[in-house]
Amino acid sequence: MTAENNRRTWMSLLAKAPAERLKALWQAYGADPAFHWLRTPEIGATMVRGRLGGTGAPFNLGEMTLTRCALQLESGEVGHGYVQGRDKQQAEVAALVDALMQGPAAEAVETAILTPLAAEMMAAKTTRAQKAAATKVDFFTMVRGED
C-alpha cells in the first residue's frame, strides 16, 4: 500500500472518530508539539453527494457542517484536519495527528491513537451489522400445488 493510501486511511479514521474519544486518546498520548497555524480552525459547510444503489448517477443529498484547519509543526510536517460538526478542538487534534503521522513519531501515534480508534470503530460497525441482521425477514413463496 502506498503512503498516500495510508494517509487516506488515517485521515478518514480521524474524520469519522467520535470527538470525545479522539480528544481522550490525544490527552493520554501526552504530546504537545510546537506548531504554527497555516489555517486556523474554521467552520463551514460542504455539499454531500450520493449515488442511487452506490453506482448510479450522483446527486446532491444536502449540506453538512464541517470544521477544517491546517498547521505546520516546527519540524516542518504539515497536518490537515477536517471533521464533521463545529468542534474546533477536534479539528486541531486531527491536524496534529496527521502531521505527526508524517514524521518520526508515526509508529507511536499509530499505536496510541489510530489503532484503538480503528478497533473501536470496527467493533461498533460489527455491532450495528449484528443488530440489523437480527431484524432480517426472509420472504419466500410456497408452491401451492396448482401447477
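Take Q27 and tell me if it is over 17 Å from A106 (Cα atoms), in a helix (DSSP H, G or I) and not aromatic (F, W, Y). Walk me through it before giving the result.
Details: over 17 Å from A106 (Cα atoms): no; in a helix (DSSP H, G or I): yes; not aromatic (F, W, Y): yes.
The answer is no for Q27.
Only one residue in T9, T40 is among the β-branched types (V, I, T) and assigned to a helix (DSSP H, G or I), so which one is that? Walk me through how you get there before you give the answer.
On the way: T40 fails: assigned to a helix (DSSP H, G or I).
None of the others qualify; the one that does is T9.
Of all residues being without any contact (Cβ under 8 Å) to a residue 40 or more places away in the chain and touching a helix residue (DSSP H, G or I) at 6+ places or on another chain (Cβ under 8 Å) in the stretch 48-78, which is surrounded by the fewest Cβ atoms within 10 Å (Cβ to Cβ)? Just the residue, please.
F59
Going through V93, V83 one at a time, which residue ends up being assigned to a helix (DSSP H, G or I) and either touching a residue at least 12 places away in the same chain (Cβ under 8 Å) or surrounded by 14 or more Cβ atoms within 10 Å (Cβ to Cβ) (or both)?
On the way: V83 fails: assigned to a helix (DSSP H, G or I).
Every option except V93 fails the conditions.
Kindly indicate whether any position in the stretch 45-57 is more than 23 Å from A108 (Cβ to Cβ) and in contact with a Ser or Thr (Cβ under 9 Å, 6 or more places away or on another chain).
Here is the first cut: in the stretch 45-57, the residues more than 23 Å from A108 (Cβ to Cβ) are 45-57.
Next cut, in contact with a Ser or Thr (Cβ under 9 Å, 6 or more places away or on another chain) only: 45-46.
The answer is yes; a qualifying residue exists.
Can you tell me how many residues within the stretch 96-135 are surrounded by 14 or more Cβ atoms within 10 Å (Cβ to Cβ) and part of a helix (DSSP H, G or I)? If you could, list the steps in order and put the result at the bottom.
Initial filter on the stretch 96-135 (surrounded by 14 or more Cβ atoms within 10 Å (Cβ to Cβ)): 96-103, 105-106, 109-110, 112-114, 116-118, 120-121.
Okay, now just the ones that are also part of a helix (DSSP H, G or I), so 96-100, 106, 109-110, 112-114, 116-118, 120-121.
So the count comes out to 16.
I'm trying to understand the selection: among the residues of the stretch 24-41, which are over 21 Å from Y82 (Cβ atoms) and either surrounded by 12 or more Cβ atoms within 10 Å (Cβ to Cβ) or touching a strand residue (DSSP E or B) at 6+ places or on another chain (Cβ under 9 Å) (or both)?
A34
Return the residues of the stretch 56-80 that are on the phi > 0 side of the Ramachandran plot and assigned to a strand (DSSP E or B); say none if nothing qualifies. It would help to see each step written out before you state the result.
Within the stretch 56-80, the subset on the phi > 0 side of the Ramachandran plot is 62, 76.
Answer for the stretch 56-80, where residues must be on the phi > 0 side of the Ramachandran plot and assigned to a strand (DSSP E or B): just G62.
Could you please tell me which pairs satisfy a Cβ distance under 8 Å, a separation of 6+ or placement on different chains, a first residue in the stretch 107-127 that is farther than 17 Å from G30 by Cβ, and a second residue that is of a type in the set (A, V, I, L, M, F, W, C) and surrounded by 10 or more Cβ atoms within 10 Å (Cβ to Cβ)?
From residues that are farther than 17 Å from G30 by Cβ, the pairs are A118/L13; M121/L13; M121/A17.
Here is a yes/no grid of residues against (1) at pLDDT 95 or above; (2) within 21 Å of the chain's Cα centre (by Cα):
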| position | (1), (2) |
| --- | --- |
| W37 | yes, no |
| E42 | yes, yes |
| T46 | no, yes |
| G53 | no, no |
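The values are calculated or read from the model by the stated rules, or taken from the named source; none is laboratory data. Quick caveat: nothing in here was measured; it's all calculated off a predicted structure. Every residue, glycine among them, receives a Cβ derived from its backbone with ideal geometry; neighbour counts consider all protein chains shown.
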